[in-house]
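For reference, the structure discussed in these notes is given below.
The values are calculated or read from the model by the stated rules, or taken from the named source; none is laboratory data. All figures in this text were calculated on a predicted structure; none of them were measured in a lab. Don't worry about glycine lacking a Cβ; one is built from the backbone with ideal geometry, like all the others, and counts go over all protein chains shown. Remember, those area values only see protein heavy atoms, side chains included, never the ligands or the DNA or RNA. Shrake-Rupley method; radii C 1.70, N 1.55, O 1.52, S 1.80 Å.
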Amino acid sequence: MSDIFSDLQWRGLIHQTTADDFLPKWLSEGGRTVYAGFDPTADSLHVGSLLPLMLLRRFQKAGHRPIAIVGGATGMIGDPSGKSSERNLLSTEQLEANIAGIQVQMQKLLDFDAGDQSALLVNNNDWMKEFSYTAFLRDVGKNFPVNVMLGKDSVKSRLGSDAGLSYTEFSYMLLQAYDFVHLNKQYDCELQIGGSDQWGNVTAGIDLGRRMLSKQLYGMTCPLLTKTDGTKMGKTESGAIWLSSDRTSPYAFYQYWYNVADEDAGKCLRFLTELDHAEIEALDAARSEAPQKRESQTKLAEELTRLIHGDDGLKKAQLAKEIFFGAEIANLVDQDLADIFADVPSSELPMARLSEGLPMIDAFVEAGLSKSKGDARRTIQQGGAYVNNARREDVATTLGTDDLASESMLVLRSGKKKYALLRFVG
RNA sequence: GGGGGGUUACCGAAGCGGUCAAACGGGACAGACUGUAAAUCUGUUGGCUCAGCCUUCGCAGGUUCGAAUCCUGCACCCCCCA
């Protein structure tokens, strides 16, 4: 594992570096300090941040010290890279809350208690807030030729567009560049990693290091995690896939990876898991021979869910998977059901309704699965109605307390995957 | 200002006095198939106390045994002429 550079190369994680010939040896010696930046626009990271985060983890495992920097200051400004329009600014309180949430998630992937290789989480606002505007202009801004800045892709593309670019966002590059210089002075950090869209910002930091510190710093970018169709990984129709279980349940997280397209699976395994080369190649082979077995996707989902949500989260996701795909539901406890069906709408009804016999038609309407009794009747007649995952085709069915799946809950399903929970109270 | 055309269920679009809860296409939903993929095939698609009843065809009235269909007024949209 000490030869991290060739591992990264094999995985396809190196898009560009500022020193192709130098870095392999330099990294193989261990003990370097490496940093990557994270966006604090929400109180949780999403799947898009997983790639750089895993990179830091790889570096740490290879004997280096990772620094994750959250842009408390830069988050207030907004990075124009890859953004087509000016970003909304965040309030200070919002940022602090976001950073706190992100910190919790990083602790799952990075070891913050590993002696001199301990990961660090720093907030660039801590040093930026003391910097006066004039001091910044004199010490930092002086080193930035505007013609060079104008040459950066992130700036060029925005200047050409109707959305334009504010002076604030134009200055973003200086802040990120200064981060690098600061981290070098403070922690002897010499390598910055980031997505390929960060190249301009990374090289800006390196230039600044040369001018301000007369030091040679290094940069490395990784490809962006995109699907074969060119869209971003980690987005679904219903929104982003988050690392926080409050925002994306472990089950939904598991399912996202399980449903990755065959063409994307190999890339995901390489980019995001720590499986060794032989195992990944074996999965590649299995995938092209028997794609229907979904071995790659299963492994991918397991590895990542365990990493983010722990063994416990993985177990829940797998139980949920079984249930969502056919297993009959019986003899469960409320808590388990509530966890499994966390993403499913639920409604409450008085227990009396059930004990005196609740027509199945009414149950489907109450649960919101059918928009009218006629609709419910049709669904049942067509064989699309399930109680606790058991198909019920008799329109006249009346449900009673015997039908409860747990102490107080009933699981209704319409069609293949539309679930609703009925909870009986009182 | 004058002339003509339109307004139908989720969307598009037939229907032009009874056989209209309203053709057809799309979408959506369900079933089969399948790899939790794609495609395909089948069924359903106003409500209800469901072999029966009730409410829908821009809105309000009227004619008629009977109207989405005919008449009158109103609203909105489109086109042509000024």
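Relative to the longest principal axis of chain A, what angle (0 to 90°, nearest 10) does the C-alpha long axis of helix A:262-272 take?
Roughly 50 degrees, rounded to the nearest 10.
Before anything else, pin down the relative contact order of chain A: Cα pairs under 8 Å, at least 6 apart, normalised by residue count, whole percent.
Value for chain A: 14 percent.
Given the options A:L319, A:L159, A:L45, state which has the largest fluctuation in a GNM of chain A using a 10 Å cut-off (strictly under) for Cα springs.
Comparing A:L319, A:L159, A:L45 in a Gaussian network model of chain A, the most mobile one is A:L159.
Kindly state, to the nearest 0.05, the FRET efficiency for A:H15 paired with A:K417, given R0 = 41 Å and r defined as their beta-carbon distance.
Given R0 = 41 Å and the Cβ-Cβ separation, E is 0.65.
For chain A, take the longest principal axis of its alpha carbons; what is the angle in degrees between that and the long axis of helix A:92-109, to the nearest 10 within 0 to 90?
With rounding to tens, the tilt is 80 degrees.
What value does chain A have for Rg/Rh, both radii from Cα atoms and Rh as Kirkwood defines it?
1.07
So, in nm, how far is label A:F325 from label A:D188 when the simple model puts each one 7 Å beyond its Cα toward the Cβ?
Using points 7 Å along Cα→Cβ, the separation is 5.1 nm.
Heavy-atom accessible area per residue, chain A, 1.4 Å probe: how many Å²?
I get 46 Å² per residue for chain A.
For the residue pair A:Q382 and A:T231, what label-to-label distance in nm results when each label sits 7 Å from Cα along the Cα-to-beta-carbon direction?
2.5 nm
Is the C-alpha gyration tensor of the stretch A:335-425 telling us rounded, prolate or oblate? Criteria: a/c under 1.5 is rounded; beyond that, a/b larger than b/c is prolate, otherwise oblate.
Note, shape of the stretch A:335-425 comes out oblate.
Could you tell me what percent of the DSSP beta bridges with both partners in chain A are antiparallel, to the nearest 5?
45 percent
Please find the FRET efficiency linking A:D362 to A:S196, where r is the Cβ-Cβ separation and R0 is fixed at 56 Å, and quote it to the nearest 0.05.
After rounding, the FRET efficiency stands at 0.50.
Per the 1.4 Å probe, what fraction of the accessible area of the stretch A:235-325, in percent, lies on carbon and sulfur atoms?
47 percent
So who's got an amide H within less than 5 Å of the one on A:G415, skipping anything under 5 residues away but keeping other chains? H placed 1.01 Å off N, in plane.
It is A:A385, A:Y386, by chain and number.
Mind grabbing the accessible area of A:E130 for me, 1.4 Å probe, Å², rounded to tens?
The value for A:E130 is about 140 Å².
Can you figure out the FRET efficiency of A:Q216 with A:D276, using R₀ = 35 Å and their beta-carbon distance, to the nearest 0.05?
0.60
Just from its helices, what would the mean residue ellipticity at 222 nm be for chain A, if runs of 4 or more DSSP H residues each count -39500 (n - 2.57) and the sum is divided by every residue, rounded to the nearest 500 deg cm²/dmol?
Rounded to the nearest 500, it is -13500 deg cm²/dmol.
Where Lys and Arg each count +1 and Asp and Glu each count -1, what net charge lies around A:H64 among other residues with Cβ under 11 Å from its Cβ?
Taking every Cβ under 11 Å from that of A:H64, the sum is +2.
Under the classification rounded if a/c is under 1.5, otherwise prolate if a/b is larger than b/c and oblate if not, where does the stretch A:235-325 fall, given a ≥ b ≥ c as square roots of the Cα gyration tensor eigenvalues?
Prolate, since a/c reaches 1.5 and a/b exceeds b/c.
Return one number: the angle in degrees, 0 to 90 and rounded to the nearest 10, between the long axis of the Cα atoms of helix A:50-61 and the longest principal axis of the Cα atoms of chain A.
Roughly 60 degrees between the two axes.
Subtract the Cα-Cα distance of A:T168 and A:D113 from 0.36 nm times their separation in residues, and report this length gain in nm to one decimal.
Separation in residues times 0.36 nm, less the Cα-Cα distance, equals 16.1 nm.
Round to a whole number: what % of the accessible area of the stretch A:78-223 belongs to carbon and sulfur, probe 1.4 Å?
That share works out to 49 percent.
Can you list which of the chymotrypsin sites (Phe, Trp or Tyr not before Pro) found in the stretch A:260-328 are DSSP loop residues with at most 11 other C-beta atoms within 10 Å?
A:F325
Quick one: among A:T134, A:T298, A:T74, which has the greatest mean-square fluctuation in a GNM of chain A with alpha-carbon springs under 10 angstrom?
A:T134
Connecting C-alpha atoms closer than 10 Å in a GNM of chain A, tell me which of A:S414, A:S296, A:S91 has the biggest fluctuation.
A:S91
By how many nm would the segment from A:T401 to A:S157 grow when fully extended, if each residue of separation counts as 0.36 nm and the alpha-carbon distance is taken off?
Between A:T401 and A:S157, full extension yields an extra 81.4 nm.
Could you work out how much longer the chain between A:D262 and A:K129 gets when fully extended? Use 0.36 nm per residue separation minus the Cα distance between them, nm to one decimal.
Computed gain between A:D262 and A:K129 is 43.2 nm.
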